[in-house]
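Report on the structure given below.
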Amino acid sequence: MIAVKEVRKPIEPYLQEFDTYFKSTMKTHVSLLNIIVKYIIKQRGKQIRPTLVFLSAAMCGEVSQRTFIGAAMVELLHTATLVHDDVVDDSAERRGVASINALWKNKVAILVGDFLLSRGLLIAVENNEFAYLKATSTAVKRMSEGELLQIEKSRELNLDEETYFKIISDKTASLTSTCCLIGSLSATDNAEYHKALQQYGEYVGIAFQIRDDILDYTSRSAILGKPIANDIKEKKLTLPLIHAASIAPKDKAKEIISIVKKGKATSDSIQKVFRFVDEYGGIEYATNKANQLSEDAKQLLTIFPDSPAKTALLQFADFVSNRQS
């Protein structure tokens, strides 16, 4: 199976240069903020979002300073949302290390997130990249709406498949879509290329989240870096369970939804939910959906000439629907 490091190969030199540039965007005279920023940089993961920006630019033309500006914007935005999400979710850890709010408390974490968001917006204004500003502002709006819609529906626990896709499209795919759009904007004026890459990012983002939801049922805690059955414990209805409940006998579906609704899942009750989802084809259905979205994303790239960047984006579409972590 393809790994992210393989996808990154065509633009690896740019990503190494980007690390230095990204650090420079967060310099401040406030010592506490500098300490926290250094901690954040140390914990950065696979850099999927900057990778999408650089690959999209390279496929459309050439990577330029504008590409670096766009990549920094989306990475700052993404990092800000993670910091804020940990406060909202009262998370003590992220990927196995202490969260900002756990180490410096909620007030500091909120202010750090605000700082990161403002730096992203200022980079656009300072460089007159108003198209980037519109794209990222739209993404923030969608992410907020998706999060609030999920909170609303989790209280009612009546989530259907259409609403599920609306939530994950706004919460997750809005940012991957923005990454690909900004990458293309930095390299070409071709509106057809912009549209294709924006939609490609939307599809791979949705597939990525579906796969994440599948892994909550199929992976080990050590692989994912989060507690197994986390979605069940947090009373989240995701595609595997939504589909299984939609085709199962009503009494069985009601019993399982009741377990999730109580939010006090035991090992026995979690296994009962797992068996229910498996029996009624929830994992298989969700896997097929993710695979189809990845294929649809790849189809959008047929308008682009062959290049190492195009090959990498095709590989990334396969990665998101097959990843194990």
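Is there a residue being part of a helix (DSSP H, G or I), more than 28 Å from A58 (Cβ to Cβ) and in contact with a helix residue (DSSP H, G or I) (Cβ under 8 Å, 6 or more places away or on another chain) anywhere in the range 123-142? No: zero hits. Does Q315 satisfy being under 22 Å from the mean Cα position of the chain (by Cα) and without any contact (Cβ under 8 Å) to a residue 40 or more places away in the chain? No; evaluated as a whole, the condition is false for this residue. The residues of the range 19-54 that are among the aromatic types (F, W, Y) and either closer than 21 Å to R323 by Cα or within 20 Å of the chain's Cα centre (by Cα) (or both), listed by number, are F22, F54. For A92, the conditions (1) more than 23 Å from F22 (Cα to Cα); (2) touching a helix residue (DSSP H, G or I) at 6+ places or on another chain (Cβ under 7 Å); (3) in contact (Cβ under 8 Å) with a residue 40 or more places away in the chain are fulfilled apart from (3).
Please list, ordered by residue number, the helices (runs of 4 or more DSSP H) wholly in the range 230-325 having 2 or more residues that are closer than 24 Å to A196 by Cα and at pLDDT 90 or above. Break it down into steps so the answer makes sense when it comes.
Working: elements: 230-233, 239-247, 250-262, 267-279, 282-300, 308-322.
In the range 230-325, the matching helices (runs of 4 or more DSSP H) lie at 282-300, 308-322.
Does any residue of the range 53-67 turn out to be in contact with a Ser or Thr (Cβ under 7 Å, 6 or more places away or on another chain), crowded, with 17+ Cβ neighbours inside 10 Å and closer than 18 Å to A173 by Cβ? Yes, there is a match, as at least one residue in the range 53-67 is in contact with a Ser or Thr (Cβ under 7 Å, 6 or more places away or on another chain), crowded, with 17+ Cβ neighbours inside 10 Å and closer than 18 Å to A173 by Cβ. Considering the conditions (1) modelled with pLDDT of 90 or more; (2) over 30 Å from K261 (Cβ atoms), V112 is excluded by exactly one of them, (1).
The values are calculated or read from the model by the stated rules, or taken from the named source; none is laboratory data. Since the structure is predicted, the reported quantities are computational estimates derived from the model, not experimental observations. Don't worry about glycine lacking a Cβ; one is built from the backbone with ideal geometry, like all the others, and counts go over all protein chains shown.
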